[in-house]
Amino acid sequence: MSTGARLKELRNRLDITIREVEDYSHRIAEAEGNEEFFISNPWITQIENKEVIPSIYKLYSLSIIYRIKFTDLLQLYGIDVEKISRHQSLIPLANTHLTNLEVYDKDRAVTFPVRFDPGFSVEKTNLLSRMVEVWGEVPVALIQHMDFRRSLYGYLGLADYTLYPLLRPGTFVQIDDRQTKVQKPPWRTEFDRPIYFIELRGSYACSWCELQGKQLILVPHPLSGCAIRQFAFPNEAEIIGRVTGVAMRIAGWEDSQTEELPKLPKQS
């Protein structure tokens, strides 16, 4: 069905005549003090039958008269405003700037965890998908592109200081399960060094990795105070994927948390 035919169908469902649309739009134009909001009888006919694209003003009037969301009318003409943030990511700006996370459709349902497994321990590193007991649909446009049931997200346990201070305990990480091969150096900085999410026997780890023969070496951050660990690969350790995104608090920790940091080994 063409866009014009859909608009005509909307009008017919409401049992509104073309003359009434003209009259209603005239009221809107008068209220706004702008004739651009007015839709004449011939214009309505052209919009419905000749695929004429209305201006944003006339589209606004139609959304009011037909009791339909303005964004839904835009979508009829191939404009999905929910893709704005996605397209902005394709055009990165060099300079630091303010931005916003606009919610265009608050009623759109997205997958989100509504109840966590009571057996889950916040002290241990784990996969987010295994922490959630019940999934629900919630209208939050902010997270609509995150499909938790099909994507992999990990949680760094509150007792996991492996990559501290680069990654703090309690951090959520996004995992690309297509990247499972350990990359070799060099790296310019520690920020360039790949971080991996690893499944061990009965637990998980998030760490830098080195592969030496059949041994997978889990390398902690030098300031973490944690020891290097090694596992038979792939019998005792399996690389789930590479960490590609991080959600982490950088302030607000209690002083008691800092006091519990692992002690750095003394240099002789």
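Scoring L10 on the criteria (1) more than 25 Å from V81 (Cα to Cα); (2) in contact (Cβ under 8 Å) with a residue 24 or more places away in the chain leaves a single failure, condition (1). Of all residues in the stretch 18-40, those satisfying the criterion of being among the polar types (S, T, N, Q) and surrounded by 13 or more Cβ atoms within 10 Å (Cβ to Cβ) are S25, S40. Criterion first (of a type in the set (A, V, I, L, M, F, W, C) and surrounded by 15 or more Cβ atoms within 10 Å (Cβ to Cβ)) does L218 satisfy it? Judged against the criteria, L218 is a match.
Yes or no, residue by residue, for (1) touching a Leu at 6+ places or on another chain (Cβ under 8 Å); (2) in a helix (DSSP H, G or I); (3) not assigned by TED's automatic domain parsing to the domain that holds R67:
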{"site": "K8", "(1), (2), (3)": "no, yes, no"}
{"site": "R11", "(1), (2), (3)": "no, yes, no"}
{"site": "D15", "(1), (2), (3)": "no, no, no"}
{"site": "Y24", "(1), (2), (3)": "no, yes, no"}
{"site": "R27", "(1), (2), (3)": "no, yes, no"}
{"site": "E30", "(1), (2), (3)": "no, yes, no"}
{"site": "E36", "(1), (2), (3)": "no, yes, no"}
{"site": "I39", "(1), (2), (3)": "yes, no, no"}
{"site": "I44", "(1), (2), (3)": "no, yes, no"}
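If we keep just the residues of the stretch 63-94 that are among the aromatic types (F, W, Y) and in a loop (DSSP other than H, G, I, E, B), which is modelled with the lowest pLDDT? Step by step, filter the stretch 63-94, then rank; the result is Y77. Do you know which residues across the stretch 199-218 are in contact with an Asp or Glu (Cβ under 6 Å, 6 or more places away or on another chain) and either modelled with pLDDT of 95 or more or aromatic (F, W, Y) (or both)? Hit for the stretch 199-218 is I217, nothing else.
Close Cβ contacts (under 8 Å, 6 or more residues apart or on different chains) running from residues in the stretch 47-71 that are assigned by TED's automatic domain parsing to the domain that holds N34 and more than 14 Å from T3 (Cα to Cα) to residues that are surrounded by fewer than 14 Cβ atoms within 10 Å (Cβ to Cβ) and among the polar types (S, T, N, Q) comprise Y57/N34. Restricted to the stretch 197-245, the set of strands (runs of 3 or more DSSP E) holding at least 3 residues that are under 16 Å from P185 (Cα atoms) comprises 203-212, 215-219. Among the conditions (1) free of Cβ contacts under 8 Å to residues at least 60 places away in the same chain; (2) part of a strand (DSSP E or B); (3) over 23 Å from E123 (Cβ atoms); (4) within 25 Å of the chain's Cα centre (by Cα), R193 misses just one, which is (2). In this structure, is D177 surrounded by fewer than 18 Cβ atoms within 10 Å (Cβ to Cβ), modelled with pLDDT of 60 or more and not assigned by TED's automatic domain parsing to the domain that holds I250? The answer is no for D177. Evaluated against (1) of a type outside the set (S, T, N, Q); (2) closer than 14 Å to G4 by Cα; (3) under 40 Å from the mean Cα position of the chain (by Cα), W43 falls short on exactly one condition, (3).
When the stretch 228-266 is filtered for residues that are at pLDDT 85 or above and of a type in the set (A, V, I, L, M), the ones remaining, listed by number, are I228, A232, A237, I239, I240, V243, V246. Could you tell me whether the stretch 225-239 includes any residue that is touching an Asp or Glu at 6+ places or on another chain (Cβ under 7 Å), surrounded by fewer than 19 Cβ atoms within 10 Å (Cβ to Cβ) and under 16 Å from N126 (Cα atoms)? Looking through the stretch 225-239, at least one residue is touching an Asp or Glu at 6+ places or on another chain (Cβ under 7 Å), surrounded by fewer than 19 Cβ atoms within 10 Å (Cβ to Cβ) and under 16 Å from N126 (Cα atoms).
The values are calculated or read from the model by the stated rules, or taken from the named source; none is laboratory data. Note that the structure is a prediction, hence the values are computed from the model and not measured. No Cβ is skipped: glycine too gets one built from the backbone with ideal geometry, and neighbour counts run over all protein chains shown.
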